[in-house]
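What follows is one structure encoded as structure tokens, with my remarks underneath.
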Amino acid sequence: MSREVIAAGVVPEEAPQPSRWRLLRRSGGFRAGAAIVGFWALAALFGPMLVPWNPFATDPLHALAPPSAAHWFGTDQLGRDIFSRVIAGSRDILTIAPLATLLGTIVGSALGLAGGTLGGAFDFVLGRIIEVLVSLPLIVVALLALVAFGASPATTIVLIGLVFAPLVARTVRAAVLGEIALDYVAAAELCGESRLAIMFVEILPNVLGPVLVEATVRLGYAVFAVASLSFLGFGPGPPSPDWGLAIAENYGVIAGGYWWTVSFDAAATASLVVGVNLLAEALHQALAS
Amino acid sequence: MQDGPAAWLARRISFGLLTLFLLSVVVFAGGQLLPGDVGRAILGPLADPRAVAALDRQLGADRPAVMQYLDWVLGILHGNLGQSLEFRAPVSPFILGALAHSLRLAAVALVMVVPLSIGAGVLAALRRGTLIDRVISLAGLSLTVIPEFVTSILVILLFGVWLRWLPISATWRAGTGLLGQLDHLILPAIPLVVVLFGYIARMARAGTVEALEADYTRTAILKGLSGAVVIRRHVLRNALLPTITVIAAQTSYLVGGLVVVESLFRYQGIGSLILAAAHARDFPMLEAGVLSVGAMTIAVTLLADALTAFLTPAPVPGEGG
Amino acid sequence: MRNPFPLIDPVRRRQGPRENQLIGEFIAGQIGRRGFLRRGSALGLGWPLLAAIAGAIDPLGTLPARAATGKAGTTIRVGSPMPAGAIDPVTVGDAGGLLMLQQVGEFLVFDQPNLRLAPMLATAWKPNHDGSVWTFTLRKGVTFHSGGMMTAKDVVATIERLADPRNASNALSVFKGVLSPGNIEKIDDYTVAFHLDAPHGNFPYYLSSDNYNAIILPADYKGDFEKTWDGTGPFQIEKYTSKVGASFIANANWWGGRVLPARTEFSFFAGQQPQVLALEGGDLDVISQIVVQGAEGLLTDRRMSIIRLEAAIHRQVHMRCDIPPFNDQRVRRALALTLDRPAIIQGLFRGLADLGNDSPFAPVYPSANRDVPQRRKNIAEAKALMQAAGSRGFPVTLTTEHLLEMPDYAVLIQNAAREIGIDVRLKVEPPAAYYGSAAFGKSDWLDSPFGMTDYGHRGVPDVLLTAPLTTHGTWNAAHFRNPEYDRLVAEFVAEVALDSQRRIAARIEQLLLTETPIIFAYFYDYLTATRKGVTGVAPTANGELYLQSASAG
């Protein structure tokens, strides 16, 4: 995946912006992705106001009711309306994942830019640290850290951000190395521009494309990671309608045939990650073309 | 930089060892942040504090952390992975058992996904621009990002609960034959197949496209070789190369990162072992678990790079990554 | 309402308080079978029911041996929780570990499912005049699997080991203040006297299967149980593999006579669902314990039977009495009044639980006094109490554990509390984080103003009355300090006669209803699942599973 992104980065950026935007809008993947993500963003913002039931109201005597006219998606183990909870459940993940991505992209780009431009010992040490991190199963790292620091939205954001940073750094570093080989950097160096100036003024604008693509791709993984962490019990706690949490809470009863307690949350999670990924892919295509 | 294969190997191995050492320090330092102590973890919250103190003393867990770490490093240098505090037994059997479990699951997943995704990728490349290509590309793209727990749930509901074709639990009874074990591993392997399918299919497609456009392919076609032969000789090999890289890059995930799948299917892999060790503050088990995954990743990456170098006409292997 | 689970064998059907009290007395051996039948019919219990109860509960029974009617020589396959660490009788503190210990080991005294003691390795026991010295007579002719005879020196060494603070003993907290090392006296090869720190009416329970560390080991036990597995029980170790499973074979020399199965096989599971599926798929004969959540399918499956034991497993919702917002007992009472307990029991346990009345006296305890009225949901009264206390509601955080139904129960409390303006926020943590260092000042459990803690079954309520509620109690998360309560509990603990215990219990229950430092909303049943056709499986609510009379049909 990083290879293709690098490939996208070294393409000379000459095409004018408007045509690229038009291209993007015409892409079916972009439209579908935008529609899905837009739907969930609206649900996150206004969902709790629109849903037919209070997503938090329990009714233990009507627990595990199958889908019906009253409860479109049925009720969960505490008798809460699953439709209302699925709609309201997008809020946590759509707050945490983008913030984590933002953090990871900023830190990662800074590191990658510095590593690629400065080279030498800094680059070597950075490379080793990235190698250590990449040789670890990320989910295990995240879980260990959450065990150590305790689970909270803030920890999750920082954690996913920091885990993503080296991955972003790797991509950005590669893109920077591709740029450095180009003539304009050498020209700037000849003109006596400082390294720092070259880094920010010359190189950064030219690697923004790959950074943007990488950020969108990372957003997809952030959604993946946040959902997985909440499923493992390190996300928002009860009574949040968060999807991962809902699946974890109800997973135990599905053998009894209560499929509706997890299916809709699973479908919602899947649709959101697919939507984000469609956007990322469309963006990538548009920048690469 | 233009060194021979032996020097290259030596350099890579020494880098790998350095990485492992750094990793052990990171785990050790991280381990200090974990809450609680091993005596309390074993005896439970209601046990008398005097009993907890006595157990910590017996296990040597009351010594300064740096001492424990140095002891452990000394042990490693003598080829001893250490003694589990929680189980009061050598960690090696636990690590090897869990590693074997994880590798078996990874192997089943790979056996399923590699032919499937390479086939799909090559097919998509051959039918570039058609509906089949779009469907394969889009499916791969979408499936890759669906969290394993979602796929697992769907698979469990479909095959385990409704159709009842396959066992939901990945844990087989002692004495189950290989075929029986396979039965238990198919369902948990599917989420991995789903995650990997997209990666590999895209790589295979890209590799094939590149090969199809390359001069030697055109030459071969011009020479009058049949399509099937061209694909076998030139295209497949090119499609395979990036695939190896992708699989290598996913080693740490495939071996140690399956916590979700392991937890859903109750499988005793190395990921769960590491987590359990962290919860119990079983420091030697934690170190050994993480390092074994790290070592595995480094070894596989090395192997993949060597293999790529061997298969690629170009002489100098890259930095890997 | 239609009974949703017609297939469950009730050990005790739910009856009115008078009827339950009578059944309790009968179980506790306070009245004989004839007296039970006579008074039962006076209360209007039907004859079939009376006969069923009298038949199911054998007041003379010793071991949980139903008549061994099943086929001999079968293999019983059991799903068991995963033991948490090394199996060592001194340190074990988890369900999986104690189940393993109890397969090969035996206790001096057996605490039967009906909470009445029966002889096991001791044949008789008696207190001195004030209950401060208890003398146990040991069974003769008992051999360890390794061959030696069990005598007083083994018993002395075993209990000394557990009472010694230098030994990392999980039973230390049980013996603390009750029995100190050095106070166990071997009188002859088959008689042992225990000199207690203070008079104790229920001491034999502390040497019974209630105290799961107290299996009798050879005097020369060296801490290597996983090598020897040396005990006196009906089964001997065949193979044990950490994290995987264990198998046992029948002990031909067992003192108790013939062991029906040839082998038993235990598979360890990290969760309930795969066990349920394995049982349904025919890979298991028994699941040692199931909880209702996630086993709904089993409860209604006609191919399965559920063994249901009324138990004292519960959750304590503590409210700190020493700091706001719960330092006013009217506020605590108001909160307790918001809970619709029957609905909670129905929702969380499908009805398979007893109502709690905000005291540790679970209805299963013969010493519980059922004349004290049950607390019911009453929002009007709750609001009046809040008003009287000058409170219009407040935000407060309920801290609890990520364990079984606890997060769900917390959500139900949150919704109930909203009715009187208390805005409950939830903090759900992994159990290890919740308990922290398990010491005041270093533990969410003991420090949080409002928390919920899991408590397992106990054969007698003594520990539940003292540790979480007395002024110097080590588990007093409610920070409840009431001299009157301390006095009553001391009186209760020293009391030997059940009548008097029940009289004191009434006063304790009344006091706790007024003060309400802890909400006890339910005590849920201990459930064991078996395949239909599997007979003679005998669990206890302590988590033991006796298989010597079992048959896989």
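Observations, loosely collected:
- Legend: mean number of C-beta atoms from other chains within 10 angstrom of residue C-beta atoms, peptide A:234-244, equals 4.
- The mean number of partner chain beta-carbon atoms within 10 angstrom of a residue's beta-carbon across peptide B:31-38 is 4.
- Using θ = phi - 60° in the Karplus curve 6.51 cos²θ - 1.76 cosθ + 1.60, the 3J(HN,Hα) couplings for region C:391-404 round to 10, 10, x, 6, x, 8, 9, 9, 9, 8, 9, 7, 8, 6 Hz; x is entered for Gly and Pro.
- Scaled radius of gyration (Cα, divided by 2.2 N^0.38 Å) that chain B gives: 1.20
- Across region B:5-77, the fraction of Cα-Cα pairs farther apart than 14 Å, rounded to a whole number, is 71%.
- Taking the average, over residues, of other Cβ atoms within 10 Å as the packing measure, peptides A:217-229, C:398-410, B:140-152 rank A:217-229, B:140-152, C:398-410 from highest down.
- Considering only region C:106-228, percent of DSSP beta bridges that pair antiparallel, nearest 5: 95
- Packing rank of C:424-431, B:269-276, where each peptide gets the mean count of other beta carbons within 10 Å, highest leading: B:269-276, C:424-431
- Against chain C, whose longest principal axis comes from its Cα atoms, helix C:17-27 is set at around 20 degrees.
- On Cα atoms only, tilt of B:92-126 relative to the major axis of chain B in degrees: 20
- Charged side chains reduced to their Cβ positions (Lys and Arg at +1, Asp and Glu at -1) give region B:96-311 a dipole of some 620 debye around its Cα centre.
- Taken as entire DSSP H runs, the helices of chain A that both span 20 Å or more between Cα atoms along their own long axis and average 0.0 or more on the Kyte-Doolittle scale are A:28-50, A:90-118, A:120-134, A:153-180, A:204-231, A:260-288.
- Region C:266-324, dipole about Cα centre (Lys/Arg Cβ +1, Asp/Glu Cβ -1), debye to the nearest 20: 160
- Fraction of beta bridges assigned by DSSP in chain C that are antiparallel (%, nearest 5): 75
- When you filter the trypsin sites (Lys or Arg not before Pro) in region C:203-252 for DSSP loop state and at most 15 other Cβ atoms inside 10 Å of their Cβ, you are left with C:Lys222.
- Considering only the protein assembly as shown, percent of DSSP beta bridges that pair antiparallel, nearest 5: 75
- Cα gyration tensor category, rounded, prolate or oblate, for the protein assembly as shown with a/c compared to 1.5: prolate
- Between 0 and 90°, nearest 10: helix C:406-418 axis offset from chain C longest Cα axis: 20
- For the protein assembly as shown, the mean residue ellipticity at 222 nm estimated from helices alone is -16500 deg cm²/dmol, where every DSSP H run of n ≥ 4 contributes -39500 (n - 2.57) and the total is divided by all residues, rounded to the nearest 500.
- A cut-off under 14 angstrom between Cβ atoms defines the neighbours of C:Glu106, and their net charge, with Lys, Arg +1 and Asp, Glu -1, is -4.
- Per-peptide packing, taken as the mean over residues of other Cβ atoms within 10 Å, places C:486-492, C:516-522 in the sequence C:516-522, C:486-492 from highest down.
- Filter on C:Lys227/C:Lys442; C:Lys126/C:Lys222; C:Lys153/C:Lys227; C:Lys243/C:Lys442; C:Lys140/C:Lys532; C:Lys153/C:Lys176 - keep pairs with C-alpha separation over 26 Å: C:Lys227/C:Lys442; C:Lys126/C:Lys222; C:Lys243/C:Lys442; C:Lys140/C:Lys532
- Prolate/oblate/rounded call for region C:397-553, Cα gyration tensor, a/c under 1.5 rounded: oblate
- Estimated dipole of chain A in Debye, rounded to 20 [Cβ of Lys and Arg +1, of Asp and Glu -1, Cα centre]: 340
- 10 Å Cβ shell holding at most 15 others, DSSP loop, GluC sites (Glu not before Pro): longest site-free stretch of chain A: A:15-192
- Cβ neighbours within 10 Å from other chains - mean over B:284-292: 1
- Near B:Gln83, the amide H atoms lying under 5 Å from its own belong to B:Val91; only residues 5 or more places off or on other chains count, and H is placed 1.01 Å from N.
- Within the shell defined by Cβ-Cβ distances under 13 Å, the residues around B:Val259 carry a net charge of -1, with Lys and Arg each +1 and Asp and Glu each -1.
Any read-out appearing in this document is the output of simple, stated calculations on the displayed coordinates, not a laboratory observation. Just so it is clear, the model here is predicted, and its values are computed rather than measured. With ideal geometry, Cβ positions are generated from the backbone for all residues, glycine too; neighbour counts draw on all protein chains shown.
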